[in-house]
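No lab work stands behind these numbers, since they all come straight from the coordinates. Predicted model, so just to flag it, every value in this text is computed and none were measured. Here the Cβ positions follow ideal geometry from the backbone for every residue, glycine too, while neighbour counts run over all protein chains shown.
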Amino acid sequence: MTGPDSSDHPTTGTPDASAVRTAPSPAVAPEPPADDDPALPPKRVVHRIMVGLVLAMLTSMLTNSIVGTALPTIMGELGGQDRLAWVATAALLTMTASTPVWGKLSDLWGRKLLFQVALGIFIVASVAAGLAQDINWLIAARALQGLGVGGLATLPNIILGDVVSPRERGRYSGLIGMVFGVSTVLGPLVGGFLVDSPLGWRWCFLITVPLAVVAFVVIQFLFTMPFVPRRDAPVDWAGAGLIFSAASTVIVLLSLGGTQIAWNSPLSYALGAAAVLLTAGAVLVERRAREPIIPARLFRDRTFVLASLGSVCVGMMMFGLIIYMPQYLQMVHGMSPTVSGLMTLPLVASFLFTSIGSGYAVSGSGRWKAYPVVGMLLCVIGFLALSQAHLDPGLTTVVVGQALVGLGFGLNMQLLLLATQSSLPVADMASGTASVVFFRNLGGATGVAAFGAVMVGRLDTELAEAAAAARAQGAADAEAGVESGASELSVGLADAAEAAQGSPELVHALPEPVRDVVVTAFDHAMQGVFTAGVPIAVLGLVAVAFMRGVPLRGGRAKAPKPARKARRART
């Protein structure tokens, strides 16, 4: 790979495979390579590299989905229930904020080195989390784990961009989508099994260490991409620090606002002001830096800007649905964590189907524009269906809605990344890839916070209205000298306000009249959450509709039809 901002590259000594296949026949006009496209390794090398990438991604993604199931048990043993949110937020914060830094450092120091550093950080952090003796220890280990996951979530897409042409890349990107789906399904099941087994919750962290070690060894011996250090390229530590701090501040505010921190409070205002100032500082530094973490020139590329906006929308919808759908099924329909996890299979299966299928289709034609547009339209219809789930106790609407949204995610998640990589010069490919992943993760954090705020706000309103109606009915019954349970219900609802935002076990342990009101209120609150997904999907639809549908670079050159007929006539 050559270019002012890229230094490690595949050099296999073989010319581009497409050129080799087409050169012998004068009737075939080979597709001219882009000026800055590197020579690509043969498929057998790519397949070996993919083994390590898939293992590493499965390891990192499995960790997050396993831990969610074990959190109640962990809190029961370590204590610190008031800091439960930080166990999840710490990893999300460092994962998201570090994403663009991993991309740029891999340009300067090399993909293989940075990938192994990310794996090393992840292994150390996982062992530390598994040995945690108190909640503060666990939170610190999770923050370090998130830092490693940030690299493991970003670098595989960058490495894939190095070794496969944009058109052929679709076939392999489907594997990345498959890893996401498999980890989403397996995580809660494995987590539940470990918590209930003699191994205990600590193995929810330790079980991923052997996989990560295997991935490290595979990358060490099978990943052949020579790297020449760029000793004259400085690292933009000031920009990295400002970007990390700005993203961290935003995530803390969005994750804890309305729960641990009141929105209308001095701390919320201080965090908001700090986020604005840090973002402004990052923009100023990045515009002047010699080797910026997120180059300002990326924002002059229409495909990058709209793909980033579309990725924000995908992240908001995807993470919000993954977090709140199991909660809805457990709270409203009384399902166990394991069963509620299995009920997300329509979402995951449809995601896998379109992620892999669209990847192969795009690899064949190079045309991708229609897929994200159709996908966002399916997301709109899917969230509209889910918003009516309260009218369908049979859960058919939930299954259909999830399937439609999953189809939409599969048509967008990786294709938006492929379109960005194809539109950017090789020198900006790593920074552009990392930035799109960064915006998707930031959208995920925003979506979880926004959907949570909608749910809590509507739930509080519903419960307050039910309590007021019960008090009024109790007063009217008392005046009429009629015995009723309205007064007891109003008292019970006042006491149940905190339990309504707790675990499903707390809700279903409430007295029957109170429980019925709380479950109904939660059902209505989740209707608001699903409805909130509709405008987000519409915004994503507008973003992808205005993208330029420039065919992906690379792929096999095809002979014109007359030339093929002429060859058949000669034979």
Self-check item: Per-pair calculated FRET efficiency, R0 = 51 Å: Val127 and Tyr360 via Cβ, rounded to 0.05
Solution: 0.85
Quiz item: For labels at Trp237 and Val51 in the simple 7 Å Cα→Cβ model, what's the distance in nm?
Solution: 3.9
Quiz item: Going by average Cβ neighbours within 10 Å, how do the peptides 305-317, 370-382, 44-56 rank, with the highest at the top?
Solution: 305-317, 370-382, 44-56
Quiz item: Based on the mean of other beta carbon atoms within 10 Å per residue, what is the order of 279-286, 354-361, most packed first?
Solution: 354-361, 279-286
Quiz item: Hey, what D do you get for region 94-137 in µm²/s if you plug the Kirkwood alpha-carbon radius into Stokes-Einstein at 4 °C and 1.567 mPa s?
Solution: 110
Quiz item: Taking region 116-208, how much of its Cα-Cα pair set, in percent, is spaced more than 17 angstrom apart?
Solution: 61
Practice problem: Treating only the Cβ atoms of Lys and Arg (+1) and Asp and Glu (-1) as charged, compute the dipole magnitude of region 269-415 about its Cα centre; round to the nearest 20 debye. | Solution: 640
Quiz item: How big is region 86-167 in terms of Cα radius of gyration and Dmax, in angstroms?
Solution: 13.9, 49
Quiz item: Shape of region 155-303 from its Cα gyration tensor (a ≥ b ≥ c, root eigenvalues): rounded if a/c is under 1.5, otherwise prolate when a/b > b/c, or oblate?
Solution: oblate
Self-check item: Alpha-carbon centroid distance for the pair region 525-552 / region 283-312, whole angstrom
Solution: 21
Quiz item: Cα convex hull of region 305-382: mean projected area in nm², to one decimal?
Solution: 5.9
Exercise. Please check which bits of region 300-342 a label hung off Val550 would reach, taking the label as a point 7 Å along Cα-to-C-beta and the cut-off as backbone N under 19 Å.
Key: 300-311
Quiz prompt | Cut-off 13 Å between beta-carbons: net charge of the residues surrounding Gly549, Lys and Arg +1, Asp and Glu -1 | solution = +4
Self-check item: FRET efficiency, 1/(1 + (r/R0)^6) with R0 30 Å, evaluated for Ile261 and Leu539 via beta carbons
Solution: 0.65
Practice problem: Sort the following peptides by mean Cβ neighbour count (other Cβ atoms within 10 Å, averaged over residues), highest first: 94-100, 189-195. | Solution: 94-100, 189-195
